[in-house]
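**Q** Quick one: the structure is below, questions incoming.
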Amino acid sequence: MAEPVVRIPDAKVALSTASVYPESTATAFEIAARLGYDGVEVMVWTDPVSQDIEALRRLSDYHGIPILAVHAPCLLITQRVWSTDPWVKLQRARAAAEKLGASTVVVHPPFRWQRQYARDFVTGIWRMANETDVRFAVENMYPWRYRDREMLAYAPDWDVTKDDYRHFTLDLSHAATARSDALQMLDRMGDRLGHVHLADGKGSAKDEHLVPGRGGQPCAELLERLALTGFDGHVVIEVNTRRAMSGAEREADLAEALAFTRLHLASAVKVPRR
């Protein structure tokens, strides 16, 4: 005979500070603590607090919320944050992670016009990964689309599984925008999956970052697979709440995302009765 047992992996559920935009980094710590998240991922962007290690440490200590990951400044709007040299940005992200006790640095593949950076990116990421215990988890992206035209904006490729990295970040909203199969990508990543950005999408050309369960991505199935395989990385809620009409509405969305994640990360499996 077999009986159902709930298996909950060691993965922690964190809130990306990007999920409260246009509110501040400090607001994200406050909300994460109030809602019961296990930690935060700091998106380093134009908010000065997100760039300030001591300010981040004070927020973490005050709210009792650990910083589990640092998202390096890889966006178009952060081209001048922490230097214009992309390798300096990654070095500073690693230093921030080490000083703040974060286990992961999330990094996007280079833009195609960053030619030298793109040419050396795979070997450079390996070199940096060999110099620290911090995981450099390279994130899947997507082609840029406008009407019937498609532009390949990232190099070596938006599909990071085509290249050799030690760790990956799987972003389900990006998978939706790329119109790729997230579960197949999960299989290709295998035991190199180190980090998850959980959000939903409907396959729009825009990167939607919907609350999990509001789009067409297999968010629940992916979480259940992580539970069954004993995933020990972090699951980070990275959703878009810009259209929230109030702080209460934003918190309701983030509470719903947390509840969805915890529910499906606890997977019932059958084990033999002894």
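The values are calculated or read from the model by the stated rules, or taken from the named source; none is laboratory data. The structure presented is a predicted model; accordingly, all values stated were derived computationally and were not measured. Ideal geometry is used to build each Cβ from the backbone, glycine not excepted, and the neighbour counts take in all protein chains shown. SASA here: full protein model, heavy atoms, side chains in, ligands and nucleic acids out. Shrake-Rupley method; radii C 1.70, N 1.55, O 1.52, S 1.80 Å.
**Q** Can you tell which of Ala175, Ala227 is among the small types (Gly, Ala, Ser) and within 20 Å of Ala153 (Cα to Cα)?
**A** Ala175
**Q** Ok, one more. Can you name the residue in the range 203-224 that is at pLDDT below 95 and not acidic (Asp, Glu) and is also surrounded by the fewest Cβ atoms within 10 Å (Cβ to Cβ) among such residues?
**A** So the residue we want is Lys206.
**Q** Next question. Among (1) modelled with pLDDT under 95; (2) in contact with a Cys (Cβ under 8 Å, 6 or more places away or on another chain), where does Asp200 come up short?
**A** With respect to (1) modelled with pLDDT under 95; (2) in contact with a Cys (Cβ under 8 Å, 6 or more places away or on another chain), Asp200 is out only on (1).
**Q** Which of the residues that make up the range 32-59 are open to solvent by 40 Å² or more (accessible area, probe 1.4 Å), farther than 23 Å from Leu198 by Cβ and either hydroxyl-bearing (Ser, Thr, Tyr) or over 19 Å from the mean Cα position of the chain (by Cα) (or both)?
**A** Correct list: Thr46, Pro48, Val49, Asp52, Glu54, Arg57, Arg58.
**Q** Would you check if there is a residue in the range 140-155 being farther than 30 Å from Ala205 by Cα and among the charged types (D, E, K, R)?
**A** no
**Q** Can you run down the residue pairs with Cβ atoms below 7 Å, 6 or more apart or on separate chains, where the first is in the range 106-120 and assigned to a helix (DSSP H, G or I) and the partner is open to solvent by less than 60 Å² (accessible area, probe 1.4 Å)?
**A** Tyr117/Pro86; Tyr117/Pro110; Ala118/Pro110; Ala118/Ala155; Ala118/Pro156
**Q** Among (1) open to solvent by 20 Å² or more (accessible area, probe 1.4 Å); (2) modelled with pLDDT under 95; (3) out of contact with any strand residue (DSSP E or B) (no Cβ under 9 Å at 6 or more places or on another chain), which single condition is Tyr62 missing?
**A** Status for Tyr62: all satisfied but (2).
**Q** Check whether at least one residue in the range 136-146 is open to solvent by 10 Å² or more (accessible area, probe 1.4 Å) and under 20 Å from Glu238 (Cβ atoms), and report yes or no.
**A** yes
**Q** Still on this structure: May I ask you to list the residues in the range 246-259 that are open to solvent by less than 20 Å² (accessible area, probe 1.4 Å) and either more than 15 Å from Ala14 (Cα to Cα) or touching a Gly at 6+ places or on another chain (Cβ under 9 Å) (or both)?
**A** Selection gives Arg250, Ala257, Leu258.
**Q** So which residues in the range 227-245 are open to solvent by 50 Å² or more (accessible area, probe 1.4 Å) and modelled with pLDDT under 95?
**A** Passing the criteria: Leu228, Thr229, Asp232, Arg242, Arg243, Met245.
**Q** Would you pick out the residues in the range 149-180 that are more than 14 Å from the chain's Cα centre (by Cα) and of a type in the set (D, E, K, R)?
**A** Hits for the range 149-180 are Arg149, Glu150, Asp157, Asp159, Lys162, Asp163, Asp164, Arg166, Arg179.
**Q** Can you give me the number of residues within the range 214-237 that are more than 14 Å from Ala182 (Cβ to Cβ) and not basic (Lys, Arg)?
**A** Result for the range 214-237: 10.
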